[in-house]
1. Mind giving me the nanometre distance, one decimal, between the label points for LYS155 and VAL121, set 7 Å out from Cα along Cα→Cβ?
2. With each pseudo-label sitting 7 Å past Cα toward Cβ, what's the PHE105-ASP137 distance in nm, one decimal?
3. Loop only by DSSP, 16 or fewer other Cβ within 10 Å of the Cβ. Give me the chymotrypsin sites (Phe, Trp or Tyr not before Pro) in segment 46-143 that pass, ordered by residue number.
4. Please give the contour-minus-distance gain from LEU61 to TYR144: 0.36 nm per residue of separation, less the Cα-Cα distance, rounded to one decimal in nm.
Amino acid sequence: MKFKRILIFLTFLLAGFPLTADELNLNKSNNEFSLFTGMFDFSDDGKSSSLFGIQHLNEDLNRDTFLGNLSPVTGAMITADNASYFYTGVQANYKIGSINVIPSFTPGYYHQGDGKDLGHVLEFKSEVKLSLDLLKDSKLGFSYNHLSNASLGDKNPGANSYMFNFLKKF
């Protein structure tokens, strides 16, 4: 029930935000928001749970490097078991026609809630996202990630998740 309340709250919160670049005082197409939903720790039958999240990317901060186009990324997700993960890190952007391949690495704060004990509050998320350009400023995508504490805690069970993504530039 708590997850449904939080999901409803986030939906109303997002619906109340101004949706034009002028209202946000931002340059058009420099900020990308991603809404995603999927299954947290789908490989653990005992602790798998649905999830919902949001992610932000500011393209003004992109840098072309020998590894490709890199940019900082920040986001949060919450599960139906009230576990949450807040993160910031870096992602690379590789474009192959209208398909985008986006690997990322984001350390973050994990709160167990009633969800899976991952062994530490500091968790590292490795993710790969595939997205397809739909319209000029919109993409649909699918992503897979793995959370791990790199053996910082007494235990390190990890969690594998998949998500469906809607990305929109503002």
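Throughout, read-outs are computed from the coordinates displayed, never taken from laboratory work. Just so it is clear, the model here is predicted, and its values are computed rather than measured. Quick reminder, even Gly has a Cβ in these numbers, built from the backbone with ideal geometry, and neighbours come from all protein chains shown.
1. Placing both labels 7 Å along Cα→Cβ, they lie 2.0 nm apart.
2. So the label points at PHE105 and ASP137 sit 3.3 nm apart.
3. PHE66
4. Result: 27.5 nm gained on full extension.
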